[in-house]
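Take a look at the structure set out below.
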Amino acid sequence: MHYFVTGATGFIGKRLVKKLLQRKDAVVHFLIRRESEGKVEALREWWGADAAHAVPVFGDLTQKNLAVSAQEAQRLQGEVRHFYHLAAVYDLEADAESQLQVNVEGTRNVLAFAQAIGAGHFHHVSSIAAAGLYEGVFREDMFEEAENVDHPYFLTKHESEKIVRTEAKLPWTVYRPAMVVGDSRSGEMDKVDGPYYFFKLIQRMRQLLPPWMPSIGLEGGRINIVPVDYVVDALAHISHQEAIEGRCFHLVDPHGYRVGDVLDIFSRAAHAPRIGLFVNAALLGFIPRSVKKSLLAIAPVRRIRRAVMKDLGLPEDILEFVNYPTRFDDRETRALLKGTGIACPDLKDYAWRLWDYWERHLDPELHIDRTLRGTVAGKVVLVTGGSSGIGLAAAHKFAEAGATTIICGRDQDKLDEACRAAEARGHQFVAYPADLSDMADCDRLVQLLLEQHGGVDFLVNNAGRSIRRAIEASYERFHDFERTMQLNYFGALRITLGLLPSMAARRSGHVVNISSIGVLTNAPRFSAYVASKAALDAWTRCAASEYQDQGVTFTTINMPLVRTPMIAPTRIYNNVPTLSPEEAADLVVQACVEKPVRIATRLGVFGEVLHALLPRVAQVGMNTTFRMFPDSAAATGGKEAGKAQLSPEAIALQQMLRGIHF
């Protein structure tokens with residue numbers, strides 16, 4: 001038996017051809033563009049068919065007669081018993097013109113060709129989208145009753161089915177699959193579509209929240225999902241039955257789930273927090289459509305909406321279908337499948353396979369170069385305070401990744417030593433001495449960077465000064481606040497302001513500001529240090545907002561304690577967990593590769609939330625630790641002798657917080 005299939009290279013079509021070729025003496029002719037001729041052998045191999053049974057027909061469904069040669073059309077005359085039309089645009093994000101050209105005009109061209117070659121039966125694979133946004137149950141014998149087909153995808157699927165129903169002069173049958181997902185047995189899928197759009201959101205929730213924490217979700221309307229294997233098996237079986245002429249069959253899940261239930265099922269499959277509270281999305285319906293359109297006509301509203309949807313990985317139109325109102329009756333389909341063993345499986349039974357396949361093969365993150373070399377190779381990176389500690393550890397990583405790595409510091413000897421260490425490891429630094437607490441020296445460094453390197457691509461403001469001293473011991477030491485602010489805030493700001501114009505001109509650049517966990521927790525004894533870092537944090541937030549549309553991005557790292565020379569004078573830190581410089585440098589690398597707005601530890605975030613929600617409780621807690629741990633001898637003007645002594649309470653607290661980085 002001879003078959004003809006359009007869309008044979010698509011997700012459903014490819015599997016349908018394989019199914020048809022399993023029938024005795026089957027020959028499948030499949031439409032393919034001439035420029036895709038190189039794919040033919042790979043398709044035959046996947047189908048397990050030779051050239052005699054899988055025959056390409058070169059053409060284009062957007063052209064009259066499908067642009068098939070007269071000789072080829074003559075060869076097919078009277079040969080094709082079943083003609084399957086699957087080629088279409090199945091994408092909510094596709095533009096209206098391409099959907100109209102392929103779905104509507106393409107169907108008209110395909111139908112005319114099928115009639116011209118004398119095909120025996122025309123099988124049109126439509127979609128439940130042909131029903132539009134019908135309120136209620138849409139039966140298989142309904143078509144004209146479709147409502148709200150304004151969206152290009154709904155409109156073109158409805159119009160293409162109408163062409164078959166009104167213009168066909170040969171026996172025809174229509175099939176309306178629901179939202180098609182991957183194979184229920186393997187999870188295999190070829191693209192991100194439908195419920196897959198929400199997978200990235202679910203993945204982020206899993207990363208941020210423990211799995212036992214219930215979350216809030218939208219209840220939404222009913223969404224109908226079917227696996228591709230069910231669609232193919234049902235289509236292949238029904239299309240060979242008698243008395244199907246002029247009928248329509250719904251290839252749907254007879255039960256269906258609400259949007260919230262679907263998200264909950266996939267959250268469970270992903271081991272993410274389950275949805276414990278559902279909010280009826282219909283509550284949003286009280287806003288008149290005219291008001292919504294008016295709001296979206298405002299440019300800032302559109303930009304914010306677009307940015308949020310992009311960040312969540314969702315197409316902008318998808319929110320229009322959260323309250324999807326249509327349910328689908330499939331009794332005719334189930335009647336023909338009765339006794340065959342072909343039935344739509346329950347989503348709960350195969351959701352984990354879909355999730356597993358997506359996370360292994362389709363997650364967009366898999367296709368992004370997340371290596372430091374892919375980010376900074378050939379770029380210019382400036383690390384201030386790069387002659388020791390975090391700065392030096394980060395500089396080594398940048399240089400090893402192929403970046404032109406510039407370090408600066410006040411001590412020429414330390415810079416020379418750092419350069420020698422780099423050479424010993426097989427790479428090199430460019431070192432410039434500079435005192436960033438001196439504004440004139442900052443300007444000199446900026447001018448040098450612009451002249452010698454044309455600016456920088458990545459700026460890591462790491463140079464800083466820390467002072468651990470209680471306010472009551474600082475009444476006569478106002479200069480502590482001045483010198484801390486001079487370097488930590490004004491110095492970093494002067495360098496950044498000097499380099500920002502060149503970044504903005506290139507519409508490319510990233511600034512990493514090393515801040516402190518103390519800014520989030522309001523750490524006692526660090527008022528001078530925390531205030532200077534808080535000033536830099538606040539300025540960074542303002543700058544990020546201003547440069548958001550200019551290609552320049554900012555990351556603030558609220559760094560926990562790190563074992564560097566900065567904290568060495570305070571020996572009490574020997575008793576609390578700290579990061580190594582190399583571990584801290586990994587956070588700097590993360591900031592450059594992923595470019596998040598902020599990097600912070602869970603303890604820091606907890607402290608910030610506690611101060612926001614229960615400020616008095618947070619103050620009492622911090623005051624307790626303030627009184628529990630003494631000032632260092634240096635802070636009190638004395639000399640530290642031996643190991644700092646901790647009270648029994650302090651030792652107990654230290655044991656409780658073991659492994660939690662400050």
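The values are calculated or read from the model by the stated rules, or taken from the named source; none is laboratory data. Remember, predicted model here, so these are calculated numbers, not experimental data. FYI the Cβ positions are ideal-geometry reconstructions off the backbone, even for glycines, and counts take in every protein chain you see.
For ARG360, indicate whether it is of a type in the set (Lys, Arg), surrounded by fewer than 17 Cβ atoms within 10 Å (Cβ to Cβ), under 17 Å from the mean Cα position of the chain (by Cα) and farther than 26 Å from CYS442 by Cβ.
Numbers: of a type in the set (Lys, Arg): yes; surrounded by fewer than 17 Cβ atoms within 10 Å (Cβ to Cβ): yes; under 17 Å from the mean Cα position of the chain (by Cα): yes; farther than 26 Å from CYS442 by Cβ: yes.
Spelling it out, ARG360 is indeed of a type in the set (Lys, Arg), surrounded by fewer than 17 Cβ atoms within 10 Å (Cβ to Cβ), under 17 Å from the mean Cα position of the chain (by Cα) and farther than 26 Å from CYS442 by Cβ.
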Conditions: (1) surrounded by fewer than 22 Cβ atoms within 10 Å (Cβ to Cβ); (2) assigned to a loop (DSSP other than H, G, I, E, B). SER387 meets all but one. Number of the miss? (1)
Tally up the residues in segment 169-204 that are within 23 Å of the chain's Cα centre (by Cα), within 24 Å of PRO273 (Cα to Cα) and assigned to a loop (DSSP other than H, G, I, E, B), please. 4
List the helices (runs of 4 or more DSSP H) that sit entirely inside segment 36-137 and contain at least 3 residues that are more than 19 Å from LEU16 (Cβ to Cβ). 70-76, 96-99, 106-116
Are any residues in segment 478-515 over 25 Å from THR375 (Cα atoms) and touching a Lys or Arg at 6+ places or on another chain (Cβ under 9 Å), and if so, which ones? ASP480, ARG483, THR484, GLN486, LEU487, ASN488, TYR489
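Tell me which residues, restricted to segment 442-468, are assigned to a helix (DSSP H, G or I) and either within 17 Å of VAL381 (Cα to Cα) or touching a Lys or Arg at 6+ places or on another chain (Cβ under 9 Å) (or both).
CYS442, ASP443, LEU445, VAL446, GLN447, LEU448, LEU449, LEU450, GLU451, GLN452, HIS453
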Any idea which of GLY132, GLY120 is touching a Leu at 6+ places or on another chain (Cβ under 9 Å) and closer than 30 Å to VAL80 by Cα? GLY120
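Using the structure shown, decide if ILE407 is under 36 Å from the mean Cα position of the chain (by Cα), over 19 Å from VAL456 (Cα atoms) and either aromatic (Phe, Trp, Tyr) or assigned by TED's automatic domain parsing to the domain that holds PHE490 (or both).
Working: under 36 Å from the mean Cα position of the chain (by Cα): yes; over 19 Å from VAL456 (Cα atoms): no; either aromatic (Phe, Trp, Tyr) or assigned by TED's automatic domain parsing to the domain that holds PHE490 (or both): yes.
Against the criterion (under 36 Å from the mean Cα position of the chain (by Cα), over 19 Å from VAL456 (Cα atoms) and either aromatic (Phe, Trp, Tyr) or assigned by TED's automatic domain parsing to the domain that holds PHE490 (or both)), ILE407 does not qualify.
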All-but-one check, CYS344 against (1) within 23 Å of GLY221 (Cβ to Cβ); (2) among the hydrophobic types (A, V, I, L, M, F, W, C); (3) part of a helix (DSSP H, G or I), failing number (3)
Output the residues belonging to segment 322-352 that are in contact with a helix residue (DSSP H, G or I) (Cβ under 8 Å, 6 or more places away or on another chain), among the hydrophobic types (A, V, I, L, M, F, W, C) and closer than 16 Å to ARG139 by Cα. PHE328, LEU336
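Check LEU497, LEU493 and return the single one that is assigned to a helix (DSSP H, G or I), under 27 Å from GLY607 (Cα atoms) and at pLDDT 95 or above. Step through it out loud before you land on a result.
Details: LEU497 fails: under 27 Å from GLY607 (Cα atoms).
The conditions single out LEU493.
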In segment 425-439, is there at least one residue being part of a helix (DSSP H, G or I), more than 30 Å from PHE606 (Cβ to Cβ) and either of a type in the set (Gly, Ala, Ser) or in the same structural domain as MET559 (by TED's automatic domain parsing) (or both)? yes
Kindly indicate whether any position in segment 509-518 is hydroxyl-bearing (Ser, Thr, Tyr) and either surrounded by fewer than 23 Cβ atoms within 10 Å (Cβ to Cβ) or part of a helix (DSSP H, G or I) (or both). no
Conditions (1) closer than 30 Å to HIS237 by Cβ; (2) under 27 Å from the mean Cα position of the chain (by Cα); (3) among the small types (Gly, Ala, Ser): number failed by GLY378: (1)
Which condition number in (1) touching a residue at least 24 places away in the same chain (Cβ under 8 Å); (2) outside any helix (DSSP H, G or I) is the one that ASP537 fails? (2)
